[in-house]
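Asker: Questions regarding the structure given below will be posed in turn.
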Amino acid sequence: MNPILHKIKRMMTILISTFIASILAWFFSSFSPFFAGVALGLWMGMISSVYTAFKVYKFGEAIASGRGRAGIGTGIRIGLALLGAFIAIRFPEYINVIGYAIGLFTTQVFVLGDAIINELSEQKKGS
């Protein structure tokens, strides 16, 4: 399997597990709006991460084959983040905006943490 696709699969497993945990917390907690916001943020973050990974993968293939690409979809990712924020602002009794922001950034923290852990493990293997 392609190493990039393997990393994407591993991150999606982690993110989906976290998303399921936030859904369960939403249903069984007294802080339902907060965890609904976290779940929405995680969902938007997962979509954004998968889209980014796909665009970067296609961008790398295009560069390797000598073709150029226009961009990596920053506008789509910003639009997804804004869509989730508008939903949270429109329905504050059901979705907490702070929970949404935490969920949205949690995805990026997991991706960064995974990259750091992988780099450290690769350095240990090399030395």
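Asker: Which of the following residues is loosely packed, with under 15 Cβ neighbours inside 10 Å, modelled with pLDDT under 80 and assigned to a helix (DSSP H, G or I): ILE20, ILE4?
Answerer: Checking each option against the conditions leaves just ILE4.
Asker: Does TYR57 fit the bill of being modelled with pLDDT of 95 or more and either in contact with a helix residue (DSSP H, G or I) (Cβ under 9 Å, 6 or more places away or on another chain) or not aromatic (Phe, Trp, Tyr) (or both)? Before the answer, list the steps.
Answerer: On the way: modelled with pLDDT of 95 or more: no; either in contact with a helix residue (DSSP H, G or I) (Cβ under 9 Å, 6 or more places away or on another chain) or not aromatic (Phe, Trp, Tyr) (or both): yes.
No, not satisfied.
Asker: Of the conditions (1) in a helix (DSSP H, G or I); (2) over 28 Å from ARG10 (Cα atoms), ARG67 clears all except one; give me its number.
Answerer: (1)
Asker: So, one more: Which residue is surrounded by the most Cβ atoms within 10 Å (Cβ to Cβ), if the candidates are limited to segment 40-94 and must be touching a Phe, Trp or Tyr at 6+ places or on another chain (Cβ under 9 Å), small (Gly, Ala, Ser) and more than 19 Å from LEU5 (Cβ to Cβ)?
Answerer: Looking at residues that are touching a Phe, Trp or Tyr at 6+ places or on another chain (Cβ under 9 Å), small (Gly, Ala, Ser) and more than 19 Å from LEU5 (Cβ to Cβ), I get GLY41.
The values are calculated or read from the model by the stated rules, or taken from the named source; none is laboratory data. Note that the structure is predicted; figures quoted are calculated from it, not measured. No Cβ is skipped: glycine too gets one built from the backbone with ideal geometry, and neighbour counts run over all protein chains shown.
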